[in-house]
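To keep things clear, I will list the structure first and then write my remarks on it.
The values are calculated or read from the model by the stated rules, or taken from the named source; none is laboratory data. None of these values were measured; they are calculated from a predicted model. With ideal geometry, Cβ positions are generated from the backbone for all residues, glycine too; neighbour counts draw on all protein chains shown. Side chains included, ligands, DNA and RNA excluded: accessible areas come from the protein's heavy atoms. Shrake-Rupley method; radii C 1.70, N 1.55, O 1.52, S 1.80 Å.
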Amino acid sequence: YGNIVSLAESPLVEGLLYVGTDDGLIQVSEDGGTNWRKENSFPGVPKLAYVPYITPSLHDADTVYASFHNHKQGDFKPYIFKSTDRGRSWDSIANDLPERNFVWAIQQDHISQNLLFAGTEFGLYFTIDEGKNWHRLRSGLPTIAVRDLDIARDHDDLVLGTFGRSFYVLDDYSSLRALTTEGSGDNPVIYPIQDALIYSRGSRLGGRSGKGSQGAAFYAASNPDFGATFTYYLPEKYETRKELRKKREREQGKDGGDIPYPSWEDLRTEDNEKDPQVFLIIRDDSGRVVQRITGSRNSGQHRATWDLREASPNPAGANRRSGGGPWALPGPYSVQIATLIDGKYTEIGDAQNFRVVPLGNATLSASDAEAAFAHQAKASRLARAVRATSGVLEDMRGKIGALRTAAIRTPGMDPAWIARIESIEARLTDLNTVMNGDGTVSRRQEATLPGINARISHATSNWNTTGAPTETEKQAYEIAGRAFAKTLAELRDIVEKDIPEIESALEAVGAGGISGRLPDWKIER
């Protein structure tokens, strides 16, 4: 009865086969193909329509879904049917699918019976009530014919084969199972989270794109974001005062009423307002806040990914990608939504638990993960202290030069102060050598001992691996730590004692413009 277009076997009943043909028939065999019966009771489907896809249910042995299309006859209606008696009778579940959008493929979720996906001529649709209502899925998918669908069940990934635009993957669609016909609710919510695999990433060809030196002619698709991916829902946008005012003005304009001009005070408040912020707060099983990552403040469903790293020792640094902290320890974690609005920090909704799990294929994995983490944590604390101290040292070296100039140019300043300033300048230069190495030697291409910052780089070099710290890294921490303790004490003495004394002396003889110091002044009558 016509040419075979589609073939499917029931995953629940051995020998239950369905065949779709190019003349609008579905033939069914319940004995592995020995005997067949044809079914054509599809209300409203024209004769000679194709049957491009048949999907037996993964949950009910008697249920099967089928799609039809008749576009070669100028009929672009969506035809998608469901049978609950192994093909003997069929009911349309196309319902609110767009009129001119015929259906190519169907897939049913392996966990939720009511969750179906339909690949159509103009994109992807899903339903959470077995076809009563359909919804468009975009998320970066162009308007294109989706000819085939499959589900990677291990990770709940939906794979789409398209016509002329390659294939696409919707990573972890499991949050769709939590939707209800009443909507997503009136409260923010974080959907269940898959285990996050922790491993050290690499590229065989090199570079972040994976293309190495191959150039634009070499195609390489982007990988999913690395880490723990959180899917969350906000019932409404957290809006600024300006956004709320403009919304009110649009509504007033629709009614033809006058739109009042805001007061200067209102405009000043809008100008000084900081945008509301939404955060995802990650805690370990002891309740310690591990990371705080920024999320979208718009309404609807969103995603954010934690890269499984502890806080950066340089949180204010501009380059976030190179400033991350050490790996987080494998184990249980939780995440919760929080907002920062008008300076008020509020945690909202329920926390969602998840686990960080090692991939387990490291060549040199850490036998004692907690000990490895402890080394990384203390190295991170040292790196943070050294980075802060380096900034203060650089500031003081610039400031002492300005103080020397001010002392020379102020006639009333005792010249003995200039000698003291220069001695402090020399001490700061020596501290800079301890921190950053001997520049006099290194600039002339000669070997010299590394400074504290270089040793810190060695001590933290295992942040990009899941292995245990080496003895070299441990020794680098010890050497850097001992040297830094002395450096910090001496710099603190200069900052808290010597510099204020010099500034006070300059202030006493009427020197002005001392950066970082408020002058002693009162109005004169």
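Rounded to the nearest 20, the size of the Cβ-charge dipole of the chain about its Cα centre is 1560 debye, with Lys and Arg at +1 and Asp and Glu at -1.
Taken per residue, the accessible surface of region 235-312 reaches 65 Å², heavy atoms only and a 1.4 Å probe. Partner lysines whose Cα lies under 20 Å from the Cα of Lys254, excluding those fewer than 8 positions away in the same chain, are identified as Lys242, Lys246.
Counting Lys and Arg as +1 and Asp and Glu as -1, each charge on the Cβ, what is the dipole of region 411-525 about the Cα centre in debye, to the nearest 20? Could the numbers behind the result be given before it?
Numbers: 13 positive and 18 negative charges, 56 e Å.
So the dipole magnitude of region 411-525 works out to roughly 260 debye.
Across region 384-444, the volume of the C-alpha convex hull divided among the residues equals 91 Å³ per residue. Pairwise Cα separations in region 13-69 fall into 10 Å bins from 0 onward with the following percentages, short to long: 23, 54, 23, 0. A cut-off of 5 Å between modelled amide H atoms, ignoring neighbours fewer than 5 places along the same chain, links Phe42 with no other residue. Calculate, in whole percent, how much of the Cα-Cα pair population of region 230-320 lies beyond 19 Å. Tail fraction, whole percent: 61. Taking the centroid of alpha carbons for each part, region 70-120 and region 432-449 are 73 Å apart.
Roughly speaking, to the nearest percent, how much of the chain's 1.4 Å accessible area is carbon and sulfur? Walk me through the numbers before you get to the answer.
On the way: 14400 of 29730 Å².
Carbon with sulfur: 48 percent of the solvent-accessible area.
Per residue, region 1-96 exposes an accessible area of 47 Å² to a 1.4 Å probe, with every protein chain left in place. Under 5 Å from the amide H of Phe102 lie the amide H atoms of Glu121, each residue being 5 or more positions distant or on a separate chain, with H modelled from the backbone and absent for Pro and chain starts.
Quick check on the chain: helices-only [θ] at 222 nm, where DSSP H runs of length 4 and up contribute -39,500 (n - 2.57) each and the sum goes over total residues. Nearest 500, please. Intermediate values should be presented prior to the final figure.
Values: 8 runs with 130 residues, N = 525.
Dividing the helical sum by the residues of the chain leaves -8000 deg cm²/dmol.
Beta carbons within 10 angstrom, averaged per residue: use that to sort the peptides 300-307, 282-289, highest first. It would help to have the intermediate numbers written out before the result.
Values: 300-307: 17.1, 282-289: 12.8.
Averaged packing, sorted descending, gives the order 300-307, 282-289.
Projected over every direction and averaged, the convex hull enclosing the alpha-carbon atoms of region 347-473 yields 14.8 nm². For region 11-152, the extents of the C-alpha atoms along the principal axes are 45, 37, 23 Å, listed from largest to smallest. What is the chain's relative contact order, in percent, from Cα pairs under 8 angstrom and six or more apart in sequence? Relative contact order for the chain comes out at 7 percent.
A straight line joining the Cα centroids of region 375-394 and region 1-28 runs 68 Å.
For region 1-68, the list of trypsin sites (Lys or Arg not before Pro) that fall in a loop by DSSP and count at most 14 other C-beta atoms within 10 angstrom reads Lys47.
In plain terms, the bigger the Kirkwood radius, the slower the diffusion; for the chain, with that radius from Cα pairs, at 10 °C and 1.306 mPa s, Stokes-Einstein puts D at 54 µm²/s. Accessible area per residue for region 395-449 is 62 Å², calculated with a 1.4 Å probe on protein heavy atoms, without ligands, DNA or RNA. Taken as Cα centroids, region 159-237 and region 468-489 sit 40 Å apart, rounded to the nearest whole angstrom.
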